[in-house]
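Student: Sharing a structure here in structure tokens format.
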Amino acid sequence: MGDTEQRRSIEFKKCLNEIGKKLTDEQLESLKFLCSDFIGRKRQEEITRPLQLFQALEERDKLRFDNTGFLKEILRTEKREDLVKDIETFEARLQHLCTDSNPTQTSGRLTARGGTGPQRQTSVPQDARWRELFDIVENNLGRNWRQLARKLQLSETDIECISEDYSRKLREQGRQALLLWSDRNEDARYADLVTALRRCQLNDIGDQLERKIASWNNQ
């Protein structure tokens, strides 16, 4: 799965999380019954939360960010048109979400590929420098990625979705947090990332980034 697809999946998990919060225990039981053709009785007994049901549907190829038909059908059966509209709102955003898998860099600024910005200083590919900075952060961040994600204004739902999707890949959790932040902040500058790191007391990483940025300015 590429970065673009991963980020769309994370956003969909966020959508599902919000839907799950709006379902009652009685409605969850009804939805489980409607899924009995795909989910066995033993697995159904293990499901106590809506997200567990959604995960079971994903495992059986009945639910994905680009395959929501079955979920909308059973929600309509439960007369939850409001939740169907939530999904349709997500789908309307989907075509605009992560349309470019890599943010581009222009003089320390993230811009959409093909966009305009301050004049470039070198012939380095526009997104290469941001990748270098992200690599430095990922290699040193470890379990501090959650703290940094909060300073970068990612929501707790964003953090939870990333954690669930990459539960056994600590470095990848940090990477996805940075990618999600970059997607949402096209005008971000190098200094924004350095400032967030220093606010987390991650000054060693901040120093490494500043040295790297200074080396570019001297080229």
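Student: Out of 105, 126, 147, 121, which single residue is of a type in the set (S, T, N, Q) and modelled with pLDDT of 90 or more?
Tutor: 147
Student: Also: Going through region 44-67 one residue at a time, which ones are touching a Phe, Trp or Tyr at 6+ places or on another chain (Cβ under 6 Å) and either outside the structural domain of residue 16 (by TED's automatic domain parsing) or not in a loop (DSSP other than H, G, I, E, B) (or both)?
Tutor: Answer for region 44-67, where residues must be touching a Phe, Trp or Tyr at 6+ places or on another chain (Cβ under 6 Å) and either outside the structural domain of residue 16 (by TED's automatic domain parsing) or not in a loop (DSSP other than H, G, I, E, B) (or both): there is none.
Student: Among 61, 25, which is the only one that is within 30 Å of residue 173 (Cα to Cα) and among the acidic types (Asp, Glu)?
Tutor: Going through 61, 25 in turn, the sole match is 61.
Student: Could I ask something else about it? Where residues in region 8-38 are of a type in the set (A, V, I, L, M, F, W, C), in a loop (DSSP other than H, G, I, E, B) and out of contact with any Lys or Arg (no Cβ under 7 Å at 6 or more places or on another chain), which of them is nearest to residue 87 (Cα to Cα)?
Tutor: Step by step, filter region 8-38, then rank; the result is 23.
Student: Looking at 78, 91, 73, 46, can you tell me which residue is among the acidic types (Asp, Glu) and either touching a Cys at 6+ places or on another chain (Cβ under 8 Å) or at pLDDT below 90 (or both)?
Tutor: Being among the acidic types (Asp, Glu) and either touching a Cys at 6+ places or on another chain (Cβ under 8 Å) or at pLDDT below 90 (or both) holds for just one of 78, 91, 73, 46, which is 91.
Conditions (1) over 22 Å from residue 10 (Cβ atoms); (2) in a helix (DSSP H, G or I); (3) of a type in the set (Gly, Ala, Ser), marked per residue:
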| residue | (1), (2), (3) |
| --- | --- |
| 160 | no, yes, no |
| 163 | no, yes, yes |
| 167 | no, no, yes |
| 192 | no, yes, no |
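Student: Please work out if residue 19 is outside the structural domain of residue 161 (by TED's automatic domain parsing), touching a helix residue (DSSP H, G or I) at 6+ places or on another chain (Cβ under 6 Å) and farther than 26 Å from residue 162 by Cβ.
Tutor: Spelling it out, it is not the case that residue 19 is outside the structural domain of residue 161 (by TED's automatic domain parsing), touching a helix residue (DSSP H, G or I) at 6+ places or on another chain (Cβ under 6 Å) and farther than 26 Å from residue 162 by Cβ.
Student: Does region 25-35 contain any residue that is within 25 Å of the chain's Cα centre (by Cα) and surrounded by fewer than 17 Cβ atoms within 10 Å (Cβ to Cβ)?
Tutor: No, region 25-35 contains no residue that is within 25 Å of the chain's Cα centre (by Cα) and surrounded by fewer than 17 Cβ atoms within 10 Å (Cβ to Cβ).
Student: Only one of these conditions is not met by residue 133: (1) at pLDDT below 85; (2) part of a helix (DSSP H, G or I); (3) not aromatic (Phe, Trp, Tyr). Which number is it?
Tutor: In the conditions (1) at pLDDT below 85; (2) part of a helix (DSSP H, G or I); (3) not aromatic (Phe, Trp, Tyr), residue 133 misses (1) alone.
Student: What number of residues within region 193-219 satisfy the criterion of being touching a residue at least 12 places away in the same chain (Cβ under 8 Å) and surrounded by 13 or more Cβ atoms within 10 Å (Cβ to Cβ)?
Tutor: 15
The values are calculated or read from the model by the stated rules, or taken from the named source; none is laboratory data. The structure presented is a predicted model; accordingly, all values stated were derived computationally and were not measured. In this analysis, Cβ positions are derived from the backbone assuming ideal geometry, glycine residues included, and neighbour counts consider all displayed protein chains.
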